[in-house]
Each structure stands twice: as C-alpha cells, then as structure tokens.
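Inspection log for the structure reproduced underneath, given as structure tokens.
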Amino acid sequence: MPKVLIVEDDPTIRTAVMRALNDMGYAVAGAHTAMTGLQQAVSERPDVVVLDLGLPDLDGREVLRMIRAVSSVPIIVATARGTETDIVRSLNAGADDYVVKPYSGAQLDARIRAVLRRAAEPEKDAVIEVGGLRLDRRARQAFLDGEVLDLTPREFDLLHYLAARVGAVVSKQELLIEVWQQPYGGTDKSIDVHLSWLRRKLGETGQQPRYLHTVRRVGVRLDAPPASAPPASAPSASAPPAPASAPPAPAPPAPASAPPAPASAPPAPASAPPASAPPAPPAPEPL
Ligand code: CA
C-alpha cells in the first residue's frame with residue numbers, strides 16, 4: 001500500500017485529507033510545518049508527498065526545492081493560489097503535479113495514482129521498440145532501422161512520450177503539460193513544428209505518415225508502420241500471380257510460349273529423352 005505524506009498546516013484540511021486517503025487504503029502520515037514535513041520526507045520514505053504551498057515557517061516552493069535536493073519522491077503541490085504562474089513555477093521547481101484547493105479526496109487519489117504510474121515508468125520503459133524505432137531513455141538515444149536519429153532533447157522527449165503510449169491518441173493539451181510542462185499558455189504551434197521536424201527525421205510526411213499519425217481535432221498517435229513489412233514481401237508474393245494473369249490477356253501469342261514454361265514438367269519427360277538423347281542422336285542422324 002502506497003505511503004502518502006500530507007504537509008498541511010490547516011488542521012481541518014489535514015485531518016480530512018488524511019482520513020479520506022486512509023479510507024482509500026493508503027498509509028498516511030501528516031506534518032503541519034515545512035520543517036517537520038522535510039524531516040518526514042526523509043525519515044518516513046513516503047511514496048508521494050502532498051505539499052501545501054502556504055506554510056507558516058517556509059515558502060512552499062522553498063520546501064519543494066529542499067525535498068528535491070534529497071529525494072526524487074513524487075510531489076503533488078496543493079495550492080489555494082490557483083494562478084497559472086504559481087502552478088508553472090511549482091512545476092518548474094520540481095513538482096510532479098498539483099491540485100487547487102478546495103480539492104476532493106477522489107481527485108487527489110487520481111493524481112496520486114497518476115504520479116505513481118509515472119514514477120514507475122522509467123524502469124519499465126527504459127528501452128522502447130516500435131517497428132524499426134528504438135528509444136533508449138537512459139542513454140537518450142534514438143535509432144531508426146539501426147541508424148542513429150539525431151534528435152534535439154525536446155524531439156526525443158516528444159517521440160519517447162508518444163512511443164511509450166503506442167497506439168493511443170495523445171492530445172496536444174497532454175503534450176503541452178507532460179512534454180512541454182506548460183499546463184497553460186503553451187501553443188499548439190510549437191507541437192506542430194516539432195512534429196514536422198520529427199516527421200522529416202523519420203522520413204515521413206503528414207500526408208504519408210508511417211509512425212506519426214495526426215488524428216484531426218484530437219491529437220497525435222504513434223504506431224508501427226504496417227506498410228513497412230508488406231512492401232518487402234509484396235514483390236515476391238505478387239510475382240507469381242502476375243505471370244499467371246499475364247498469359248490470359250495475350251492468350252493467342254502466350255499459348256505458344258506459356259505451355260513450354262508451365263507445362264514443361266509433363267512434356268519434359270517426353271522431351272527429356274531427346275534432350276538426353278544427344279548421345280543417341282548419332283542413331284537418328286544416320287537414319
Ligand atoms: Ca496552508
């Protein structure tokens with residue numbers, strides 16, 4: 001059962017949140033100041049920290065940086081100041097997610113599950129392979145059909161995020177939050193621009209996609225190109241049928257040439273003797 005540390009100075013909120021999470025099956029610890037929160041973040045080894053930004057002894061973001069300095073524990077900031085700058089600054093300072101007060105236990109539960117899932121991802125998805133694409137997250141290297149792909153850090157993050165969710169449509173809003181880390185204020189344009197750069201490096205276009213498929217008005221989906229395998233086997237697979245259908249058309253001239261090739265098996269035995277007869281020819285010749 002995941003352990004959650006709630007750092008919150010308001011006793012009413014702290015008690016209510018701790019009780020709600022406890023009822024949902026979490027192990028819960030509480031701290032009412034930044035300093036005790038910091039100590040418990042180290043000593044209690046929680047799986048997630050829910051951090052109030054408005055604490056009496058230290059600024060919330062200061063605490064955030066201090067926890068970050070000693071631990072990679074996922075941190076969800078809880079703020080009453082639901083302004084864009086506030087949220088963006090918290091995310092930049094190392095928060096993994098945020099909730100705006102007042103928030104429900106159900107919402108906090110969903111956010112906790114999401115950060116725990118993401119925290120578990122790095123190990124699981126260290127190397128992702130989709131079709132001819134291979135992404136090594138730790139080495140931050142990308143390969144396409146065995147060749148190194150020269151990607152910018154943002155391009156790599158974007159491609160990796162999509163590849164980790166292969167087959168699923170990812171909205172531009174989600175990309176802005178997760179890859180660009182701009183919950184608000186980002187523009188779709190920068191995503192479009194990066195997608196077109198990625199497409200060029202992957203040797204495809206929006207009109208003729210292989211890996212990156214735009215789903216109009218929804219987002220983008222990464223898939224292994226189904227067309228890449230067939231083209232290779234197609235020529236040989238379609239080769240036999242072609243000759244077969246070719247003869248029927250030029251029926252008159254073909255019959256003459258067709259029989260020799262396909263029918264060569266039956267007549268061969270008959271003609272084989274003559275072929276092997278060369279030694280024998282001496283006999284017919286004299287006759
Ligand atoms: Ca507070």
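Each of ASP150 and SER104 was given a label point 7 Å from its Cα along the Cα-to-Cβ line. The distance between the two points is 5.2 nm. In order along the range 23-39, phi translates into HN-Hα couplings of 4, 7, x, 7, 8, 10, 10, x, 9, 10, 9, 4, 5, 5, x, 5, 4 Hz, rounded to whole numbers, per the Karplus curve 6.51 cos²θ - 1.76 cosθ + 1.60 with θ = phi - 60° and x for Gly and Pro.
Once you reduce the range 117-180 and the range 12-53 to the center of their Cα atoms, the two points are 33 Å from each other. Below 10 angstrom from the Cβ of ASP9, what's the summed charge of the other residues (Lys, Arg +1; Asp, Glu -1)? It works out to a net charge of -3.
Counting every other Cβ atom within 10 Å of each residue's Cβ, VAL179, VAL7, VAL88 order from fewest to most as VAL88, VAL179, VAL7.
Here the gap between THR205 and ARG68, fully extended at 0.36 nm per residue and compared with their Cα-Cα distance, gives a gain of 45.2 nm.
For the range 3-122, the antiparallel share of DSSP beta bridges with both residues in that region comes to about 5%. Taken one residue at a time, the phi angles of the range 54-71 give Karplus couplings (6.51, -1.76, 1.60, θ = phi - 60°) of x, 10, x, 8, 9, 5, x, 6, 5, 5, 4, 5, 5, 5, 4, 5, 10, 8 Hz. Gly and Pro are set to x. Computed from backbone phi, the HN-Hα couplings of the range 7-19 come to 9, 7, 7, 7, x, 5, 5, 4, 5, 5, 5, 5, 5 Hz, rounded to whole numbers (Karplus: 6.51 cos²θ - 1.76 cosθ + 1.60, θ = phi - 60°; Gly and Pro given as x). For VAL28, the residues 5 or more places off, or on other chains, whose built amide H falls under 5 Å of its own are VAL4.
All of the numbers you see were taken from the coordinates with simple rules; none came from a lab. Keep in mind that this is a model prediction, so the values were computed, not measured. Note that we place each Cβ from the backbone using ideal geometry, even for glycine, and neighbour counts take in every protein chain shown.
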